[in-house]
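**Q** Before anything else, here's the structure in question.
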């Protein structure tokens, strides 16, 4: 029996990636990011989204991909990660597609320069491969703690 799941497709350096649509809260245009000193390089700062302080991560930097310029197509993917909202910077969010879970294969050790620890699998689509990211693994425990501390620090400054 087919199990169809919806995925948001986005671009990082002209490569297509996908994440389960249930992990995405919103797709937003890039806005000004308030930098936070003394954080890991992939933590770009925070934004205010619907009244909340949301840390922003550069997904390319986190996945150790080459950096490119932000364009008018760049977006924030607002996602839930470890019970907190996080904004991920991507080059573009292109479409929502249905994927039969049977066509998703286990990821190779490294694909497109991205380590397999971040990957859920690879889907063979008609035109190309779609790398499926596992957002639960994008941050390890110490990084999750650091991101939560950034939020607390910013919120304490506001009081």
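**Q** Working only within region 140-152, note down all residues that are in contact (Cβ under 8 Å) with a residue 24 or more places away in the chain and closer than 16 Å to residue 45 by Cβ. Steps first, please.
**A** Of all residues in region 140-152, those in contact (Cβ under 8 Å) with a residue 24 or more places away in the chain come to 143-144, 146-148, 150-151.
Scanning region 140-152 gives 143, 146, 147, 148, 150, 151.
**Q** Looking at region 118-128, can you tell me whether even one residue there is modelled with pLDDT under 80, under 17 Å from the mean Cα position of the chain (by Cα) and either under 14 Å from residue 18 (Cβ atoms) or in a helix (DSSP H, G or I) (or both)?
**A** yes
**Q** Inspect all residues belonging to region 89-96 and state whether any of them is over 16 Å from residue 131 (Cβ atoms), under 14 Å from the mean Cα position of the chain (by Cα), surrounded by fewer than 20 Cβ atoms within 10 Å (Cβ to Cβ) and at pLDDT 90 or above.
**A** Taking every residue of region 89-96 in turn, none turns out to be over 16 Å from residue 131 (Cβ atoms), under 14 Å from the mean Cα position of the chain (by Cα), surrounded by fewer than 20 Cβ atoms within 10 Å (Cβ to Cβ) and at pLDDT 90 or above.
**Q** Filter region 97-117 down to residues that are at pLDDT below 85, farther than 25 Å from residue 28 by Cβ and outside any loop (DSSP other than H, G, I, E, B), then give me how many there are.
**A** Total meeting the criteria: 5.
**Q** Now a separate question. Kindly state which strands (runs of 3 or more DSSP E) lie completely within region 1-71 and contain at least 2 residues that are closer than 17 Å to residue 93 by Cα and in contact (Cβ under 8 Å) with a residue 40 or more places away in the chain. Outline the logic, then answer.
**A** Details: elements: 4-12, 15-20, 24-29, 43-49, 52-58.
Qualifying strands (runs of 3 or more DSSP E): 4-12, 15-20, 24-29.
**Q** Exactly one of these conditions fails for residue 155: (1) free of Cβ contacts under 8 Å to residues at least 60 places away in the same chain; (2) assigned to a helix (DSSP H, G or I); (3) exposed (fewer than 15 other Cβ atoms within 10 Å of the Cβ). Give me its number.
**A** Result: residue 155 fails condition (1) only.
**Q** Same structure again: Just checking, how many residues over region 22-36 are over 12 Å from the mean Cα position of the chain (by Cα) and modelled with pLDDT of 90 or more? Please lay out each step first, then the result.
**A** Going residue by residue through region 22-36, those that are over 12 Å from the mean Cα position of the chain (by Cα) are 22, 28-36.
From what is left, the residues that are modelled with pLDDT of 90 or more are 22, 28-35.
Counting residues in region 22-36 that are over 12 Å from the mean Cα position of the chain (by Cα) and modelled with pLDDT of 90 or more gives 9.
**Q** Here's another thing I want to ask about it. Is it the case that region 62-82 has a residue that's in contact with a helix residue (DSSP H, G or I) (Cβ under 9 Å, 6 or more places away or on another chain) and on the phi > 0 side of the Ramachandran plot?
**A** Step one: list which residues in region 62-82 are in contact with a helix residue (DSSP H, G or I) (Cβ under 9 Å, 6 or more places away or on another chain), which gives 62-63, 65-68, 77, 79-82.
In the following step, the residues that additionally are on the phi > 0 side of the Ramachandran plot were identified as 82.
Yes, region 62-82 has at least one match.
The values are calculated or read from the model by the stated rules, or taken from the named source; none is laboratory data. None of the values given here were measured: they were computed from a predicted structure. Heads up, the Cβs are rebuilt from the backbone with ideal geometry, glycines too, and the neighbour counts pull from every protein chain shown.
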